[in-house]
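Asks: This structure is in structure tokens; I'll ask about it shortly.
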Amino acid sequence: MKGQSGNPRGRPRRSRNSTAQAMQSLLDAEAEALANKVLELALGGDKAALRMCLDRLIPARRDRTVPLAMPRVRDVSDLKPAMGAIMNATARGHISAGEGAGLARLVDVFLKALDTHDFDHRLRRLEEARAGRP
């Protein structure tokens with residue numbers, strides 16, 4: 001049949017070929033020796049080995065808390081001062097441009113949520129007004 005391989009169900013999940021299994025067995029058998037060698041190289045000043053060790057010891061930093069005093073945002077009228085605070089902090093170098101962009105996206109998400117809420121409220125009022133008419 002056209003478009004159908006010799007194994008229509010595909011390769012079984014978690015199956016590995018014999019070469020990969022053999023390599024894993026070799027690595028498992030020498031894991032301690034390999035780890036000791038990497039540590040030896042790192043302690044000897046090998047930058048790649050040192051980076052490898054440190055990457056295992058210290059997890060990569062994902063996000064950090066942005067130290068920014070933001071005005072309270074409750075409604076649309078609060079968005080202008082919030083964006084002003086973000087722009088000023090970015091311009092002064094208190095936060096990075098990427099952090100400023102992330103905070104601006106949060107303000108944008110809040111604005112969209114307000115818009116959605118307002119639209120829903122207006123639509124309900126219109127539907128209720130129309131339902132009350134003959």
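The values are calculated or read from the model by the stated rules, or taken from the named source; none is laboratory data. Just so it is clear, the structure is predicted and the values come from calculations on it, not from any experiment. We place every Cβ from the backbone using ideal geometry, glycine too, and count neighbours over all the protein chains shown.
Yes/no per residue for (1) at pLDDT 85 or above; (2) exposed (fewer than 10 other Cβ atoms within 10 Å of the Cβ); (3) over 30 Å from A85 (Cα atoms):
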| position | (1), (2), (3) |
| --- | --- |
| G6 | no, yes, yes |
| T19 | no, yes, yes |
| A33 | yes, yes, yes |
| R51 | yes, no, yes |
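Asks: Something else about it: Out of segment 80-90, which residues are of a type outside the set (V, I, T) and within 25 Å of the chain's Cα centre (by Cα)?
Replies: As a first pass, look at segment 80-90 and keep what is of a type outside the set (V, I, T): 80-85, 87-89.
Within segment 80-90, A82, M83, A85, M87, A89 qualify.
Asks: Continuing with this model, one more query. Return the residues of segment 99-134 that are touching a helix residue (DSSP H, G or I) at 6+ places or on another chain (Cβ under 9 Å), farther than 13 Å from V73 by Cβ and in contact (Cβ under 8 Å) with a residue 24 or more places away in the chain; say none if nothing qualifies.
Replies: E99 - this is the single residue of segment 99-134 that is touching a helix residue (DSSP H, G or I) at 6+ places or on another chain (Cβ under 9 Å), farther than 13 Å from V73 by Cβ and in contact (Cβ under 8 Å) with a residue 24 or more places away in the chain.
Asks: Something else: Need at least 3 residues that are acidic (D, E) per element, so show me which helices (runs of 4 or more DSSP H) inside segment 19-134 make the cut, counting only ones lying wholly within it.
Replies: Values: elements: 31-43, 47-57, 79-91, 97-132.
By residue number, 97-132.
Asks: Step by step: first the residues of segment 59-90, then only those that are loosely packed, with under 13 Cβ neighbours inside 10 Å and among the hydroxyl-bearing types (S, T, Y), then the one that is modelled with the lowest pLDDT. Which residue is that?
Replies: Per the criteria, the residue is T65.
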